[in-house]
Amino acid sequence: MTMPRLVISFVTLAFVASLAACSTVRTSNVKNTSKTFTTVVVDAGHGGKDSGAYRRYGPPEKMVALDVAQRLGQKLRESQIKTIMVRDSDVFIPLNDRVAIENKQKNAVFVSIHFNDSRTRRARGFETYYHSGASLDLASRIQQKLMTIPNSSNGGVHTANFRVLRLASCPAVLVECGYLSNRAEANQARDWEYRELLADRIAEAIVDERYGSGVYRPSPQVAAQLRAAEPASSITPAGSR
Ligand SMILES: [Zn+2]
């Protein structure tokens, strides 16, 4: 009995060691809540003394990220999903505090909203980042929905070691909603109707991830944007049907 047990524990050890060798960073246990979550932790990037991407001709990243995050939060609540807003005003929140907020939730997913910056003014497009395998599905879905925006450019879905993703114990994604260093995308980011559209596409992806497609209802503003001028109809919360 002793020998087989020893062999088993050696095999287990070797397996654990090989897993550890695969990752260069400490990876916390990620619980895959992407089909069960009741809460979305909505993280507006930057804030306060940290402006994020900043260009003379446009609003700082911290402002447009907050606006998209707030619109996203509103849409999720209209779909009967609880939200935790990491910030709801122009305040600085250290990354470790953001991680603490996301990991305090028992059954959640985490979505961080950012805008991008590049020295190359031609750089443009949406990018969605994730770290754990449990987050890939949500990341792909968000990227796919963003790509339904007319004339959008696909920067792809990528892994990244951002702290809010790496240390998350739930599915966690970070969305770069276009480049503020690109004139066309910065102009779009200045337009509240466009930010409404961004929030709508991200919200739909999150609701689809949780409940399947066909449950989400776009807001009247977005419906109007998509289908010319139609009188705004009231929203039927997804959960009440
Ligand atoms: Zn950012």
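What follows draws every value from the coordinates through simple rules; no lab data is involved. Because the structure is predicted, anything quoted here is derived from the model rather than measured. In this analysis, Cβ positions are derived from the backbone assuming ideal geometry, glycine residues included, and neighbour counts consider all displayed protein chains.
Some observations on this one:
- Cα centroid separation, segment 48-112 to segment 166-202 (Å): 11 Å
- When R98, R56 are arranged by Cβ crowding within 10 Å, least crowded first, meaning fewest neighbours, the order is R56, R98.
- Among F126, F115, sorting on how many other beta-carbon atoms sit within 10 Å of each Cβ, with the fewest leading, yields F126, F115.
- Percentage, to the nearest whole number, of Cα pairs in segment 63-109 over 13 Å apart: 60 percent
- Potential lengthening of the chain between A100 and V30 amounts to 23.8 nm, from the contour at 0.36 nm per residue minus the alpha-carbon distance.
- For R183 and D88, the FRET efficiency from 1/(1 + (r/R0)^6), where r spans their Cβ atoms and R0 equals 22 Å, is about 0.15.
- Approximate shape of segment 167-229 as ellipsoid semi-axes (Cα gyration tensor, √5λ), whole Å, largest first: 23, 20, 7
- Counted charge near R121, where neighbours are those whose Cβ lies closer than 14 Å (Asp, Glu -1; Lys, Arg +1): +4
- In summary, the convex hull built on the alpha carbon positions of segment 79-226 has an orientation-averaged projected area of 9.1 nm².
- Once the Cα gyration tensor of segment 112-182 is diagonalised, semi-axes √(5λ) in Å: 22, 14, 8
- Segment 43-92: projected area of the alpha-carbon convex hull, averaged over directions, in nm²: 3.3 nm²
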